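Colleague: Attaching a single structure in C-alpha cells format; questions to follow.
The values are calculated or read from the model by the stated rules, or taken from the named source; none is laboratory data. Everything numeric in this text was worked out from a predicted model, so none of it was measured. Cβ: placed from backbone, ideal geometry, glycine included. Neighbour counts: every protein chain shown. Side chains are part of the model used for accessible areas, which takes the heavy atoms of the whole protein and leaves out ligands, DNA and RNA. Shrake-Rupley method; radii C 1.70, N 1.55, O 1.52, S 1.80 Å.
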Amino acid sequence: MKKFLSAILICSMILILVVGCGKNDSPEIALSEMKTALTERNFEKLSERIDLEKFFAQTYDDVTVELVKNCAEYGKKYPEDPYFQHDAEFLQKYNTDYRELHLNFLRGVKEAYFAKIPEPEIPEKNPHAYIANEFEKILQSSTATIQETKIADNHATMTVEMQGDNSIRGGFIGKLIFKLDFEKDDKGSWKLVKIENLDELTPTLVDKAEQVWITFF
C-alpha cells in the first residue's frame, strides 16, 4: 500500500539525512562521511559506512512491529485510511506478503538517486527518480545536530536532532530526534546499523505519511 510505503520511505530517507578509518575513527567521523557521500551521490563511499540493503530491511521489519502493535490506535485516529481498518494479524500478513515488493521499490529509489536520474515531469512516469529527487530536496532543507554519543566497547548510540528549515519541505520535516546505533567492525571502522528509537518515532512518521496520503492519494 502506498501509504505504508510512504512511512517506510520517510523513515528511511530522514535517517540517511543525518549521517579515514583506523584507530582515530569515530561515530562522528562516520556521520560526517555519510553526509559527504550523500551530497556527492557517491554510493561506494556511503557503503563504507552503512549496508543500505540490511538497513532498509531492518527498518521495514522494525516499523512493521510498531504498526502491528498499535494498529487499533491508528485505526481510530485514521478512520479514512483502509490500511488501518484491519486487525493486527492482517497487518502482519500484509506487510510480510509485500515486504519484498516494498524493499525492491526502495532499491529502485536508491539506484535512481546514485545514478542521478533527472526528476520526471510527472511522478508516475518514474516514481523511483521522483522520490530520489525529493530526497535530495529534503537533504537541502534540513540540518542535523549531534546531541550526545555514548560508546561502550564496539557499540555506540548517537542522539541526533534533525531540524527542517523555513521551506515547505522543512516545515514538513519539523524536528525529529533520532537515536542511531553504530557498530565498530573488525577493522576499527564505525558503521551505522539501525535506528534504535523507532518506537518513539513511528507515530510521528505515520502522521507525516498520512499528510502525504491525504494530499496526493
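Colleague: Is it the case, given these coordinates, that residue 81 is within 25 Å of residue 31 (Cβ to Cβ), among the acidic types (Asp, Glu) and surrounded by 14 or more Cβ atoms within 10 Å (Cβ to Cβ)?
Modeller: Values: within 25 Å of residue 31 (Cβ to Cβ): no; among the acidic types (Asp, Glu): yes; surrounded by 14 or more Cβ atoms within 10 Å (Cβ to Cβ): yes.
In short, no.
Colleague: Consider only pairs whose beta carbons are under 9 Å apart and that are at least six residues apart or on different chains; among these, list those whose first residue lies in region 25-38 and is charged (D, E, K, R) and whose second residue is part of a helix (DSSP H, G or I).
Modeller: Cβ pairs passing all conditions: 33/45; 33/46; 35/17; 35/139.
Colleague: Among the β-branched types (Val, Ile, Thr), in a helix (DSSP H, G or I) and within 24 Å of residue 204 (Cβ to Cβ): is that true of residue 96 in this structure?
Modeller: No; evaluated as a whole, the condition is false for this residue.
Colleague: Continuing with this model, one more query. Mind checking which residues of region 151-198 are assigned to a loop (DSSP other than H, G, I, E, B) and open to solvent by less than 70 Å² (accessible area, probe 1.4 Å)?
Modeller: 165, 167, 174, 185, 188, 189, 197 - these are the residues of region 151-198 that are assigned to a loop (DSSP other than H, G, I, E, B) and open to solvent by less than 70 Å² (accessible area, probe 1.4 Å).
Colleague: Something else now. Inside region 102-121, can you point out the residues that are among the aliphatic types (A, V, I, L, M) and in a loop (DSSP other than H, G, I, E, B)?
Modeller: 115, 117
Colleague: Something else: Might you let me know whether region 47-66 holds any residue that is at pLDDT 95 or above, more than 22 Å from residue 176 (Cα to Cα), in a helix (DSSP H, G or I) and open to solvent by less than 70 Å² (accessible area, probe 1.4 Å)?
Modeller: Yes, some residue in region 47-66 is at pLDDT 95 or above, more than 22 Å from residue 176 (Cα to Cα), in a helix (DSSP H, G or I) and open to solvent by less than 70 Å² (accessible area, probe 1.4 Å).
Colleague: Could you please find all residues in region 84-96 being open to solvent by 70 Å² or more (accessible area, probe 1.4 Å) and within 21 Å of the chain's Cα centre (by Cα)? Show your work before the answer.
Modeller: Residues of region 84-96 that are open to solvent by 70 Å² or more (accessible area, probe 1.4 Å), as a first pass: 85-87, 89-90, 92-93, 96.
Within region 84-96, 92, 96 meet the criteria.
Colleague: Separate question: Quick test for you: out of 134, 124, pick the one residue that is in a helix (DSSP H, G or I) and surrounded by 14 or more Cβ atoms within 10 Å (Cβ to Cβ).
Modeller: Result: 134 is the single residue among 134, 124 that is in a helix (DSSP H, G or I) and surrounded by 14 or more Cβ atoms within 10 Å (Cβ to Cβ).
Colleague: Which of the residues spanning region 137-150 are under 24 Å from residue 27 (Cβ atoms) and either in contact with a Pro (Cβ under 6 Å, 6 or more places away or on another chain) or not in a helix (DSSP H, G or I) (or both)?
Modeller: Residues satisfying the conditions are 142, 143, 144, 145, 146, 147, 148, 149, 150.
Colleague: Under 9 Å between Cβ atoms, which residue pairs at least 6 apart in sequence (or on different chains) link something in region 142-171 that is over 24 Å from residue 211 (Cα atoms) with a partner that is surrounded by 16 or more Cβ atoms within 10 Å (Cβ to Cβ) and acidic (Asp, Glu)?
Modeller: The qualifying pairs are 155/181; 156/181; 157/181; 157/196; 158/181.
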